[in-house]
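Single-structure report; data block below.
The values are calculated or read from the model by the stated rules, or taken from the named source; none is laboratory data. The model shown is predicted, which means the values in this text are computed figures rather than measured ones. Virtual Cβ from ideal backbone geometry, glycine too; neighbours counted across all protein chains shown. Keep in mind that these areas ignore ligands, DNA and RNA; they rest on the heavy atoms of the full protein, side chains included. Shrake-Rupley method; radii C 1.70, N 1.55, O 1.52, S 1.80 Å.
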Amino acid sequence: MTDSFEDSCVPPRAMVHAFLIHTLRAPKAEEGLCRVLYSCVFGAEESPDDLHPHGAERDRLLRKEQILAVARQVESMCQLQQQACGRPSVDLQPQSSDEPVPLHEAPCGAFCLAAGDPFQEPRTVVWLGVLSLGFALVLDAHENLLLAESTLRLLARLLFDHLRLLVPGANLLLRADRIEGILARFLPHGQLLFLNDQFVQGLEKEFSAACPR
Amino acid sequence: PPGSGFQSLLERQGEIRDEELGRLCSRVCALLGREDWGPDALDALRRLFLIVSATKHGRRLEQPCVELLQAALCSPTCPEQLQLLCAAVLREVSPSRSLSLTCDRVQNTQQLGLVASVLLAQGDRRQVGSVGQCALRVLESRQPEGPGLRHLLPVVSKVTNLAPDALHEEQTNTLNRRLGDWLRHASVQQGIAHSSGGFFSTPRARQVRLGTRHLPGPGPLSPLPALTRALVPEPPPSHPYSGFGAGSQPPSLCCSVVVEALDMLARVTCLTGCERSSGACVPAAAVQGLSSEGVGGQGRGSCAMSPVLGPFWPRTQGPAALRVLPCLPQPGPVTEVDGAVATDFFTVLSTGQHFTEDQWLNVQAFSMLRAWLLHGGPGGSSTPDADDRSELEGSTLSVLSAASTASHLLPPQERLREKAFEYCQRLIEQSNRRALRKADSELQKACLVEAVLVLDVLCRQDPSFLYRTLSCLRALHARLCGDPTCVRALLPVAQFFLHHGEAAAVDAEAVYQHLCTRIPAEHFHSPLLALEFVQFCRASLPLFGRHLGVLRSSFPNLFKFLAWSSPPLTAEFVALLPSLVDAGTAVEMLDLLLDLPCLTAALDLQLRSSQAASEKPLWDVSVRAAGCLEAFRDPQYQALFQHLLRAKASGTTERLVPLHQLLQPLAGCARVAQCAEAVPILLQAFFAAVTQFADGTLTSQLALLLLERSDTLYEVPGYQARVHKVLSSQFLALCTRRPSLVVEQAKELLEFVGSLGGPHGGGHMLTSVVWAIGEYLSVSWDRRCTVEQINKFFEALEALLFEVTQSRPSAALPACPPQVITVLMTTLTKLASRSQDLIPRVSLFLSKMRTLAQSPAAGSAHGEEDARAVLTRATELLNLLKMPSVAQFVLTPSAEVSEPRYHRDTNTALPLALSTVSRLVERDAGLLPG
């Protein structure tokens, strides 16, 4: 049984490469830029050229630029999808913080990134737009997209609940420990987990105990 | 709103100067230095993280600060919240040369995970390797402190993801063995409350483990030392990770500790004892009698005492055994997602109130399974006989032998595959249950996808699984076809048949037919399915083989994905098109590509007419389409809509002009506009692919279709002009490939120039066609070219030029672009040089054009510069025509002229002729009378 995908020297990978949260602006917004509010890269891609290692500074800059490139693409994909559905922008209206976040109605999509643009390897991005925030997972090409999608929704729900994102203020920026704590449990080292509802509840309790409000 | 305030706060972070950062660092250092883990430290670390993460450019942290962050990260007393921030800050400043961090001395596995996250962020392969070694060492030593081994598995997974060769063969085998056990032998009793982290996470557990780990390895284990310690647990020390069981222990917990101790003992026995000893001392009959779980004899001694040893206990006796010890708390057996008591071993779809540590490990193990199996690769080092086995591929013999081999006798990798196989089979069975919770029903689908993907990997690595898998997947396929909610699981199933259909002599054709016919037509509006489908097509292309025809003929259906979600899919289709198009479908595909925005509008109507009112509309509700909807249901237009929305290539093209008009109200939709933007890119990709194989006939057909379609396009703002730009250049490219098509298709070309009545969409198409006529309507390109033909074209073009320049100088019509006028003049001159009777006629016309261009009216209509361009060209051409033989040589050069010799050698005629000509044309009418 020959198979091109196993003949290649690099085995097919199937994990999450990065998670990011960024701003979503209304289409054609004049003011401001697309801002990455939080990002976590799970294990750095190796520098392509070992013989001429780039400076540490350049490697870091490259990573940041890669993440920003993803954020910008997510923003424009989300805007295009919203326009196509006749919703001029993600609903920016502040709502009551008591209401549950309408995650099931949140625009969601995926797109591919070809090798070399901006990552060395081909990757898939799955994204979710909630209010004015974009959440995205950058996946290896062979990751389970269905699981990634539900994990992304789960992460967004947890972040909204535990960081009180609906309350005005900059909790997202000022409580990175909570984001880290959630990721460490629900997406450890970029490993998507098959968690049934009871496991999710167990982890959530564990998280609440470790990171009290 | 959650976005407010970010902008300014982030901008402020970028402006923070080094002194301010230095002050914050000093504060962090002071707090961490005196191990003040209070709210001040939390606040300072949060701010530090924000500052270092908010800018693209590196923020330098002083070495003492880096040291203290590392120390806090490795400290056994620092709370998790702070350690998370320390790790995050260190990751943010990576890659860093000043790290002295190593995971060698970290005992707590959760901490080890954090340290590993920092080290793996350095982008250094050696670091990755050493993290892997360290994680494996801890794993092998079986002395996990803190919340247990489950924190290590993702580390190992990431390590092999980043550096596939990071682990030695022996380590790989150890993990193969462990993973197999975690997958298949997790307890089927629920965990106990107050210890949601599982057994190993509490300090008590450490005590128990201390008691067991000094026992002699493979020999019979005595439960007594562990039991005595477990029954008299030491008070838990104040440890940041002891949050779950801290405080006084209720009496009942002592009992639960007994249960846990026994449970753990059994597991230790299983992990250490049975692998090494069972092969030698357990008769095969006994193994078979114990069902297929491959449990050795050593576990049975513990079974008698423990009620939580589900996997080790013959299933029929399980419930009876539970009643033996009524004093113990009864958390009960785990359940299926539908609430029924679990019928078989524990999986990620088994549920309960609380979970034991090995159940957590089960989840981790399955989550990393596929990547791990792929990492092991086909055959793998531990299966030296893999080649021999594959010779028997699919034969009854190998199937029987594989099934009857007790799995514990197998080498570790094969044993893991066997366990993985059973696990996937069970997941497929479990995913058929009706989940009580919505989240679990989502998980069932994800599990289904994963199970099929794992089975695919297993069968590719060891074909002896094929026989057992195929029947299961056939049944699954039948089930999925009837369940629209599971549609995404069909893709991995189809991929499986693509990989293995041949070997198993299954008619995979039906699977692909269903996939390509039904799915795009019914689910084109699901953005993730669309991407997955197209990715599947791209990845599977080399495997389609004789089934490629099914995929190729389904392009009208595949284009529905594209028409609906063009932004994320355009690049995918650009890559897919070369494999999708062949000589048989090229013309029809081009036709549909040009109608793609129209298809978008039709799909919009299809959704509007079918979607239930309760669902959230997928279309733009602000666009009213009542009239369109009526027409969509009108029998008069049924045939046209059916053609546009066809699932398969029909072999014909239809003129959809009535639909273009009918769908006009939808042309303003953003979705239609997005699709229209994508079409030019797709056309380029299409022609790049087609010209690789198109023969003369196909080239002519495509050129004709271009002519025909150039004025029958759906009217979306800006669409026509953008498409014409591509079509015109592609028309020229087609003519260059096959110059004689101008002579062959003379009739159609004449009709085209005659019917236009002027340039459309910027005149790109007309310019190209007229230029191609002037260039290729000549005996030197095709012997069949006649004087009559040349004269006919001359007359048609003359009439056209007259029409666009003189007959209607009305301001209401857009002015004819000067390119069109000059190319018409040039072509007329070229034709006259080939049929010299026409020279007086064209000279007269050109003189008129000069006069016209010099008139003030022309300047105001076209602008000074344009009028001058027309004047210059007319003058040049007139001058050329004064010397008919030179004109013929210049305007109809023989094919040889493109050879380099004509340009290098000054003695040949060309350079001479060129200099003469340039003198002629440049000197205006000075030399010769005008």
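Count charges around B:Leu473 for me, please; just the other residues with Cβ under 11 Å from its Cβ, Lys/Arg as +1, Asp/Glu as -1. Walk me through the intermediate numbers first.
Details: positive: B:Arg468, B:Arg474, B:Arg479; negative: B:Asp456.
Summing Lys/Arg as +1 and Asp/Glu as -1 gives +2.
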Computed about the Cα centre, the charge dipole of the stretch B:654-743 from +1 Lys/Arg and -1 Asp/Glu charges at the Cβ has a magnitude in debye, to the nearest 20, of 160
Select from the stretch B:563-602 all residues whose loss of accessible area on going from the chain by itself to the full protein assembly reaches 30 Å² or more (probe 1.4 Å). B:Pro567, B:Pro568
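Could you rank the peptides B:782-794, B:439-451, A:155-167, A:74-86 by their average count of other C-beta atoms within 10 Å per residue, with the highest value first? Display every interim value, and only then the final one.
Working: B:782-794: 16.1, B:439-451: 23.5, A:155-167: 19.2, A:74-86: 21.2.
Packing proxy ranking, top to bottom: B:439-451, A:74-86, A:155-167, B:782-794.
For the stretch A:13-210, give the magnitude of the charge dipole about the Cα centre (Cβ charges: +1 Lys/Arg, -1 Asp/Glu; no others), in debye to the nearest 20. Write down the numbers at each step before the final one.
On the way: 18 positive and 25 negative charges, 72 e Å.
The calculation lands at about 340 debye.
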Ranking request for peptides B:619-628, B:82-91: highest mean number of other beta-carbon atoms within 10 Å first, then the rest in descending order. B:82-91, B:619-628
Excluding ligands, DNA and RNA, what is the accessible area buried between chains A and B, summed over both sides, using a 1.4 Å probe, to the nearest 100 Å²? 8600
Would you compute, for the Cα atoms of the stretch A:106-162, the largest minus smallest coordinate along each principal axis and list the three values in descending order, in whole Å? 36, 22, 18
Phi to ³J(HN,Hα) by Karplus 6.51 cos²θ - 1.76 cosθ + 1.60 over the stretch B:536-549, Hz, x for Gly, Pro: 4, 4, 5, 5, 8, 3, x, 9, 5, x, 6, 8, 4, x
For the stretch A:163-182, list whatever residues lose no less than 50 Å² of accessible surface once every protein chain is in place, relative to that chain by itself, with the probe at 1.4 Å. A:Leu173, A:Leu174, A:Asp177, A:Glu180
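Using only alpha carbons, build the gyration tensor for the stretch B:66-115 and give me the equivalent ellipsoid semi-axes, biggest first, whole Å. Before the final figure, lay out each step's value.
On the way: eigenvalues 52, 29, 17 Å².
Over the Cα atoms of the stretch B:66-115, the semi-axes work out to 16, 12, 9 Å.
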Give me D for the stretch A:13-210 in µm² s⁻¹, whole number, from Stokes-Einstein with Rh from the Kirkwood sum over alpha-carbon pairs, 37 °C and 0.692 mPa s. 187
Under the rule of at least 5 residues apart or a separate chain, name every residue whose amide H is placed under 5 Å from the amide H of A:His17. A:Val138, A:Leu139, A:Asp140
Once you have the Cα-Cα distance between B:Glu169 and B:Glu615, take 0.36 nm times their residue separation minus that, and quote the gain in nm to one decimal. 155.2 nm
Mind checking which lysines have their Cα closer than 27 Å to the Cα of A:Lys205? Skip sequence neighbours fewer than 8 apart in that chain. B:Lys158, B:Lys438, B:Lys445
Considering amide H positions built from the backbone, and no H for Pro or chain starts, which residues 5 or more places from A:Gly134, or on another chain, come under 5 Å of its amide H? A:His22, A:Thr23, A:Leu24
Whole-Hz Karplus ³J(HN,Hα) for the stretch A:143-151, in order, using 6.51 cos²θ - 1.76 cosθ + 1.60 and θ = phi - 60°, x for Gly and Pro? 6, 6, 5, 5, 5, 4, 4, 6, 5
Output the pairs from A:Lys28/B:Lys56; B:Lys830/B:Lys882; B:Lys747/B:Lys792 with a Cα-Cα distance over 19 Å in this structure; if there are none, say none. A:Lys28/B:Lys56
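Which whole-number percent is the relative contact order of the stretch A:13-210 (Cα, under 8 Å, 6+ apart)? Show your work: numbers first, answer last.
Details: 275 pairs, mean separation 49.4, N = 198.
It comes to 25 percent, rounded to a whole number.
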Under the Karplus relation 6.51 cos²θ - 1.76 cosθ + 1.60, θ = phi - 60°, what is the ordered set of whole-Hz ³J(HN,Hα) values for the stretch A:114-123, x standing for Gly and Pro? 6, 4, x, 9, x, 9, 4, 9, x, 9
Positive-end extreme of charge dipole, the stretch A:13-210 - chosen from A:Ala106, A:Ala148, A:Phe42 (charges on Cβ): A:Ala106
Measure off 7 Å from each Cα along the Cα-to-Cβ vector at B:Gln692 and B:Glu899, then give the distance between these two points in nanometres to one decimal. 3.3
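Treating only the Cβ atoms of Lys and Arg (+1) and Asp and Glu (-1) as charged, compute the dipole magnitude of the stretch B:566-670 about its Cα centre; round to the nearest 20 debye. Walk me through the numbers before you get to the answer.
Details: 7 positive and 11 negative charges, 48 e Å.
That gives a dipole near 240 debye.
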